[in-house]
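The values are calculated or read from the model by the stated rules, or taken from the named source; none is laboratory data. Just so you know, these numbers come straight off a predicted model, no measurement behind them. With ideal geometry, Cβ positions are generated from the backbone for all residues, glycine too; neighbour counts draw on all protein chains shown. Areas reflect the complete protein model, heavy atoms only, side chains present, ligands, DNA and RNA absent. Shrake-Rupley method; radii C 1.70, N 1.55, O 1.52, S 1.80 Å.
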Amino acid sequence: MKLHHVPGSRSCRVLWLLEELGGLDYEVETYRLGDPRLRSPEYRALNPAGKVPTFEDGGVAFHESGAIVQYLLERHGRGRLEPAMTSSTRGPYLQWMHWSEASLLPPLGQINAHKFVLREADRIPAALELARRQFARVVGQLDQALAGVDYLVEGRFTAADLMAGYGVALARMVGELPESPQAVHGWFERLSRRPAFERAFAGGFGGA
Ligand SMILES: N[C@@H](CCC(=O)N[C@@H](CS)C(=O)NCC(=O)O)C(=O)O
């Protein structure tokens, strides 16, 4: 198995899970943000978007962090880190898995775009403020879900926490996590104390 990885990027979700599962034999190819190798024809053949993560296993390459997480759990999870298929918590678990990429990350992506990714001439201050308001709303949804509980589903750490936890980790890395959602802060402290989390995020943000 091989993970194509940029430190601090969504490939941290995959690295974090590989480390949580433990005992797996895998290789990591590390790039930096904006690395020209991600634009090469060889890499585009693996992932036409030229993004990370990309994952290779058994001669097959695929991408999308959530799909890779699901695949690894199906192959190597042995029932760990997710509710059983027949459990009543399976629906909420899948909801948070997908919410993490479909609802939490887009406003944060817009914040980053208008703060430092786009060329200065293309950055729009009003778009940055709008994205900040949208991000505060989705973080508020997470905070509501975490009120009075330690984790998103079944009161235990699952891959749903890992998927959403990456979004909060990224927001902190770029200084954009709102201060008010107290349950989110407590939950994130619990996540960040996990040894697998520490290993996955040890490379900082953006690579060399
Ligand atoms: N939905 C995709 C998003 C992948 C993505 O946007 N990756 C970013 C890093 S977090 C990337 O590779 N950006 C580099 C670029 O766009 O050039 C996933 O969850 O894997």
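Let's see how each residue does on (1) outside any helix (DSSP H, G or I); (2) touching a residue at least 24 places away in the same chain (Cβ under 8 Å); (3) of a type outside the set (Ser, Thr, Tyr):
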| position | (1), (2), (3) |
| --- | --- |
| Met85 | yes, no, yes |
| Leu108 | no, yes, yes |
| Ala127 | no, no, yes |
| Ala136 | no, yes, yes |
| Tyr151 | yes, yes, no |
| Leu162 | no, yes, yes |
| Ala183 | no, yes, yes |
Restricting region 119-131 to residues that are out of contact with any Pro (no Cβ under 8 Å at 6 or more places or on another chain) and surrounded by 15 or more Cβ atoms within 10 Å (Cβ to Cβ), the residue that is farthest from Ser180 (Cα to Cα): Ala127
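A quick yes/no check of all residues on (1) outside any helix (DSSP H, G or I); (2) free of Cβ contacts under 8 Å to residues at least 24 places away in the same chain; (3) buried (at least 18 other Cβ atoms within 10 Å of the Cβ):
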{"site": "Leu18", "(1), (2), (3)": "no, no, yes"}
{"site": "Gly23", "(1), (2), (3)": "yes, yes, no"}
{"site": "Gly34", "(1), (2), (3)": "yes, yes, no"}
{"site": "Ala45", "(1), (2), (3)": "no, yes, no"}
{"site": "Phe55", "(1), (2), (3)": "yes, no, yes"}
Evaluation of Phe188 against (1) open to solvent by less than 20 Å² (accessible area, probe 1.4 Å); (2) in contact (Cβ under 8 Å) with a residue 24 or more places away in the chain; (3) in a helix (DSSP H, G or I) (one fails), failing number: (2)
